[in-house]
Amino acid sequence: MKIEKERKVVSLMIDIYYKKHSTLKEKIELLDYVNLRLTKCPFSDNKTFCSNCKIHCYNPLMQERIKQVMRYAGPRMLFYHPIIAISHLIESKKEKKKYGKK
């Protein structure tokens with residue numbers, strides 16, 4: 001369930017980003033990569049957000065691409081999907097507190 005929720009949030013963020021940037025091919029490539037990484041996540045439904053994870057399973061190029069997407073789309077999520085954005089923000093803050101990250 002947690003992975004499906006994260007998959008939905010990341011997919012929405014990728015959609016927002018690629019409405020203004022790059023090509024459909026790059027969007028599909030990144031979305032496929034993210035879905036593959038989530039499918040192979042060793043923590044399954046006990047996983048944290050990838051940013052709080054001890055294991056960073058993205059290759060450096062894809063890690064930089066997804067960070068770029070999240071920096072752009074994160075603030076815009078409030079306009080496109082406010083309930084999901086606020087819920088994600090609250091959950092993220094709880095996880096950071098739980099795992100001692102700032």
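Each value in this text was obtained by applying a stated rule to the coordinates, not by laboratory testing. Note that the structure is a prediction, hence the values are computed from the model and not measured.
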Q) For Cα extents along the principal axes in Å, the choices are [x] 52, 29, 28; [y] 56, 28, 25; [z] 37, 29, 25; which was calculated from the structure? A) [z]
Q: Sum -39500 (n - 2.57) across every DSSP H segment of at least 4 residues in the chain, then divide by the residue count to get the 222 nm mean residue ellipticity, nearest 500.
A: -24500 deg cm²/dmol
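Going through the cross-link list Lys2/Lys25; Lys54/Lys97; Lys2/Lys94, which pairs have a Cα-Cα distance over 21 Å in this structure?
Working: Lys2/Lys25 27 Å; Lys54/Lys97 15 Å; Lys2/Lys94 15 Å.
From the list (Lys2/Lys25; Lys54/Lys97; Lys2/Lys94), the Cα-Cα distance tops 21 Å for Lys2/Lys25.
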